[in-house]
1. Starting from the coordinates of the alpha-carbon atoms of region 1-90, obtain the Kirkwood hydrodynamic radius over all distinct pairs and give the value in Å to one decimal.
2. State the volume of the convex hull built on the alpha-carbon positions of the chain, expressed per residue in Å³ and rounded to an integer.
3. For region 100-140, what does the accessible surface come to per residue with a 1.4 Å probe? Please give it in Å².
4. 222 nm [θ] for the chain, helices only, -39500 (n - 2.57) per DSSP H run of 4+, per residue, to 500?
5. Relative to the Cα centre, what is the charge dipole magnitude of region 56-112, using +1 at the beta carbon of each Lys and Arg, -1 at the beta carbon of each Asp and Glu, and rounding to the nearest 20 debye?
6. Give, to the nearest whole percent, the P(r) tail of region 42-87 beyond 15 angstrom, counting all Cα pairs.
7. At q = 0.13 Å⁻¹, what is the log10 ratio I(q)/I(0) for region 84-145, with the Debye formula run over Cα points and no solvent?
8. Taking the Cα centre of the chain as the origin, how large is its charge dipole in debye, to the nearest 20, when only Lys and Arg (+1) and Asp and Glu (-1) carry charge on their Cβ atoms?
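The values are calculated or read from the model by the stated rules, or taken from the named source; none is laboratory data. The model shown is predicted, which means the values in this text are computed figures rather than measured ones. Reconstructed Cβ throughout: ideal geometry from the backbone, glycine too, with neighbour counts over all protein chains shown. These accessible areas exclude ligands, DNA and RNA; they are computed on the full protein's heavy atoms, side chains included. Shrake-Rupley method; radii C 1.70, N 1.55, O 1.52, S 1.80 Å.
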Amino acid sequence: MNELIDRRMLGFLLYDWLQADHLTARPRYAEHSRESFEAMLDAANALALKAFAPVNRKADLIEPAFDGERVTLIPEIRQALDAFVAGGFAGMAADAGLGGLQLPEVIEKACFAHFTCARIALTGYPFLSSGNANLIAAHGSAEQVEAFARP
């Protein structure tokens with residue numbers, strides 16, 4: 001399997017229907033291009049196939065365990081999440097001033113779809129963290145933003 005999502009269909013949705021590439025005319029997204037969007041989509045697909053999809057069987061066989069104090073997960077989950085963060089996916093749509101890539105939300109969601117297709121249960125960890133960071137960035141104090149919202 002080379003693609004988790006039909007890229008022809010995704011391209012139609014993003015560029016022909018939603019015209020996501022036109023967002024680069026806005027100052028917020030001026031540093032990006034359709035090529036940079038495609039590069040992130042390629043990277044999301046590759047990482048989802050490499051780090052998220054292979055976790056499926058083992059994560060189903062060895063469920064998280066709670067001993068009363070700590071939750072234990074298989075190490076592959078941590079490895080997948082570390083790769084997700086290292087790839088810049090944790091802060092894709094976040095402001096550049098917060099260390100994000102400042103990509104349009106529609107491109108972020110298209111990238112996230114690859115991870116969801118690969119292992120939906122694993123996406124809860126980074127997606128909840130992203131939501132929390134967005135909330136803190138919008139409504140938190142400067143200290144909270146610095147401590148918790150930076151990707």
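1. 15.6 Å
2. 119 Å³
3. Per residue, region 100-140 has an accessible area of 46 Å².
4. Rounded to the nearest 500, it is -15000 deg cm²/dmol.
5. Value, rounded to 20: 140 debye.
6. 48 percent
7. -0.34
8. 180 debye
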